[in-house]
Amino acid sequence: MKTVNTNVRYAGLDLKNPIVVSSSGLTDSLHKIEILENSGAAAVVLKSIFEEQIMMDMPSISANNEIRGEKNNNSIDQFLSTNHLEKYISFISDCKKSVSIPIIASINCHTVRDWTKFAKNLENAGADAIELNVMLINTEREYKYGKVEQTNIEILKQVKKQVKIPVIMKIGREFTNLISLLNKFESNKASGIVMFNKNYSNEVDHEGVNLIPGAKLSDNGLFNQNLRWLTIASSILPSLDIAFSGAVYNGENIVKAILAGAKVTQICSTIYKNGPDFIPHMLAYLTDWMQMHNYETIDQFRGILNSPIIEDENLYQRIQFMKHFSNYEKETTKSDKELL
Ligand SMILES: Cc1cc2nc3c(=O)[nH]c(=O)nc-3n(C[C@H](O)[C@H](O)[C@H](O)COP(=O)(O)O)c2cc1C
């Protein structure tokens, strides 16, 4: 039996396998990160620090008062009141002293302001890379098309000015011109892209009287929805390092994501549900699958199932849609009477 090598190079980082634990409560303490490392995770993305926390804590930044003024709300004041920056910096230093897997710092941001200077502190503390989770929801009635995309690009540019370590962009799925945005990220030297962040969702409570937060963990269906864009993006932009994220629940999903063009997968909900001990099972599935299919390295099968490069991608996708739904009635065993 051939030995398999699961090493991958993602966003300028050499990783022992394609499993990166996503930014979340799973990565908010050294103890948890040590457990993840011992379980086999190849890298971790630290729980995000928020742009608002940075702006609040950086003494030289005049916009501090502006934020307090804007959000005159007790819960936000409480959330912003402790010294997050020092804690975050010493958290990174502690991680670097104690674990050997790459540590990716994370900033949740939405504007191009002075917080971008803080990226330098993350680099100085030893972060191996920075992931920028641009969480920006636009509700302007008179919206200038392209403004959100431009903000994303400007944030990347400003952070790149501050640091030499890799900068990775984590984005949501709701872009009209996703491929064009990814292309711009690449030309502005983003080292990697995380596709996709999970949206905050809403739910109506059982009594139907309150709007409440939706489920925090991903459901399985998200994987296939995200996979569609992965196949397209990885075929059109083959040199982009993509971390696939969203309901990567098991080893089979990891294999599928790599076949569709991902460099690595980011996992979160599955660890909340199954615990870090599940990582070795995911890795075992990957290596068994590689052995069964005679692949010695990940590169040998990455992207072999991505979308074919064709001139009219839109037409291709429309045909897939037509094919997919037109035969539903024939495939189902139900009679017309039952269906109607
Ligand atoms: C409890 C929880 C906390 C999270 N916190 C962060 C965060 O601080 N920063 C971030 O970029 N994403 C955060 N996320 C999103 C995850 O990193 C990930 O992108 C998302 O959950 C989709 O991956 P999954 O389907 O494997 O869960 C969080 C997710 C969960 C469930």
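Evaluated on segment 151-262, the Kirkwood hydrodynamic radius is 15.5 Å, with distances taken between all distinct Cα atoms.
K97: net charge of surrounding residues, Cβ under 15 Å, Lys/Arg +1, Asp/Glu -1, itself excluded? Local net charge: -3. Against the chain, whose longest principal axis comes from its Cα atoms, helix 221-236 is set at around 90 degrees. When +1 charges are put on Lys and Arg Cβ atoms and -1 charges on Asp and Glu Cβ atoms, the dipole computed for the chain relative to its Cα centre reaches about 640 debye.
Using the Cβ of I54 as centre and a radius below 13 Å, the other residues enclosed give a net charge of -1, where K and R count +1 and D and E count -1. Please find the FRET efficiency linking Y272 to N224, where r is the Cβ-Cβ separation and R0 is fixed at 22 Å, and quote it to the nearest 0.05. Calculated value: 0.60. By other beta-carbon atoms within 10 Å, ranking K216, K2, K16 with the fewest at the front produces K2, K216, K16. Residues W229, W289, W115 in ascending order of nearby Cβ atoms (within 10 Å, fewest first): W289, W229, W115. Sites listed here are GluC sites (Glu not before Pro) in segment 139-168 whose DSSP assignment is loop and whose Cβ has at most 16 other Cβ atoms within 10 Å: E140, E142. Here S201, S22, S48 are placed in order of increasing Cβ neighbour count within 10 Å, fewest first, which gives S201, S48, S22. With K and R counted +1 and D and E -1, the other residues having a Cβ less than 13 Å from that of L237 yield a net charge of -1. Phi angles of segment 24-29 translate, via the Karplus equation with coefficients 6.51, -1.76, 1.60 and θ = phi - 60°, into HN-Hα couplings of 4, x, 6, 10, 9, 8 Hz per residue; Gly and Pro are given as x.
Can you give the helix-only mean residue ellipticity at 222 nm for the chain, where every DSSP H stretch with n ≥ 4 adds -39500 (n - 2.57) and the sum goes over all residues, rounded to the nearest 500 deg cm²/dmol? Computed ellipticity for the chain at 222 nm equals -13000 deg cm²/dmol. Looking at the chain alone, DSSP beta bridges between its own residues are antiparallel in about 15 percent of cases. Summarising the amide proton neighbourhood of D28: residues at separation of 5 or more, or on other chains, whose placed amide H is nearer than 5 Å comprise K47. Calculated on the alpha-carbon coordinates, the convex hull of the chain measures out at 192 cubic angstrom per residue. When the Cα positions of G275, L222, N306 are compared along the charge dipole of segment 8-311, N306 comes out farthest toward the positive end, with charges on each C-beta of Lys, Arg, Asp and Glu. Residue-wise HN-Hα couplings along segment 242-251, as the Karplus relation 6.51 cos²θ - 1.76 cosθ + 1.60 with θ = phi - 60° gives them from phi, are 9, 9, 8, 9, x, 6, 7, 9, 7, x Hz; Gly and Pro carry x.
Read-outs: derived from the displayed coordinates by stated rules, not from any lab. Just so we're clear, the structure is a prediction, and the values are computed from it rather than from any experiment. Ideal geometry is used to build each Cβ from the backbone, glycine not excepted, and the neighbour counts take in all protein chains shown.
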